[in-house]
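Visitor: I am attaching a structure below and will ask some questions about it afterwards.
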Amino acid sequence: MKIFNSIASIVLLIQLTSALHFYATPFAANCFYEELAKGTVVIGKFDAYVSDGNEFKKAPELKLEETFDNDHRVVSQKSNSNGEITFSALDSGEHKFCITPIYTDRSTKVRVFFDLVMAGSEIIDSQRKDEVSILTNKVKQLTNKVEEIKREQQLFRVSVIKVFEFFSQILDY
């Protein structure tokens, strides 16, 4: 049974993850399409390297764009050579992702890694509900501690006042 659960988890993870590795020239957009359902949360991670002979070094900048429905721009950002984008699909349909390397030497090849992880919003929301309930419990605990401290302070004030009154009466006679 454990083997079946492990295999099912791997198959599910493969369905929710897409990865690309490609070579590009600077200032040339490389686009691909992904069918997304409404409410899908998309997290994209990227890394880019420039060829320096036989080695690859970090590239200075990438431009990422995600468009939907006749080039309606959802995400457009410039970033350093590695980073992340996150958004939620507001409508079902085909979404276009474009990655444009920005590098001064146009003859250099840029090596780009791009990973997409997609999850339904109900998964994210269930995690948030747990976090919110944990935080709510912590706030209640802190509120109870504050109330306890206030009661102790009030008792201390009363005892100080009694001591002060006692010594005042002794000194008055």
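Visitor: What nm distance separates the two modelled labels at GLN153 and ASN54, each placed 7 Å from Cα along Cα→Cβ?
Guide: Between GLN153 and ASN54, the label points sit 7.1 nm apart.
Visitor: Considering amide H positions built from the backbone, and no H for Pro or chain starts, which residues 5 or more places from GLU61, or on another chain, come under 5 Å of its amide H?
Guide: Those qualifying (amide H under 5 Å, at least 5 residues apart or on another chain) are ILE102.
Visitor: What pairs from LYS78/LYS109; LYS57/LYS96; LYS38/LYS63; LYS38/LYS140; LYS58/LYS96 go past 30 Å between their alpha carbons?
Guide: On the way: LYS78/LYS109 19 Å; LYS57/LYS96 28 Å; LYS38/LYS63 25 Å; LYS38/LYS140 36 Å; LYS58/LYS96 25 Å.
Pairs exceeding the cut-off: LYS38/LYS140.
Visitor: Using r as the Cβ-Cβ distance of ARG111 and ASP91, and R0 as 30 Å, what FRET efficiency do you calculate, to the nearest 0.05? Intermediate results must be reported in sequence, preceding the final value.
Guide: Details: r = 33 Å, r/R0 = 1.10.
With a Förster radius of 30 Å, E is 0.35.
Every number here is computed from the coordinates shown, using simple stated rules; none is lab data. The structure displayed is predicted, hence computed values, not measured ones. A quick note on method: Cβ atoms are made from the backbone with ideal geometry, for glycine too, and the neighbour counts reach across all protein chains shown.
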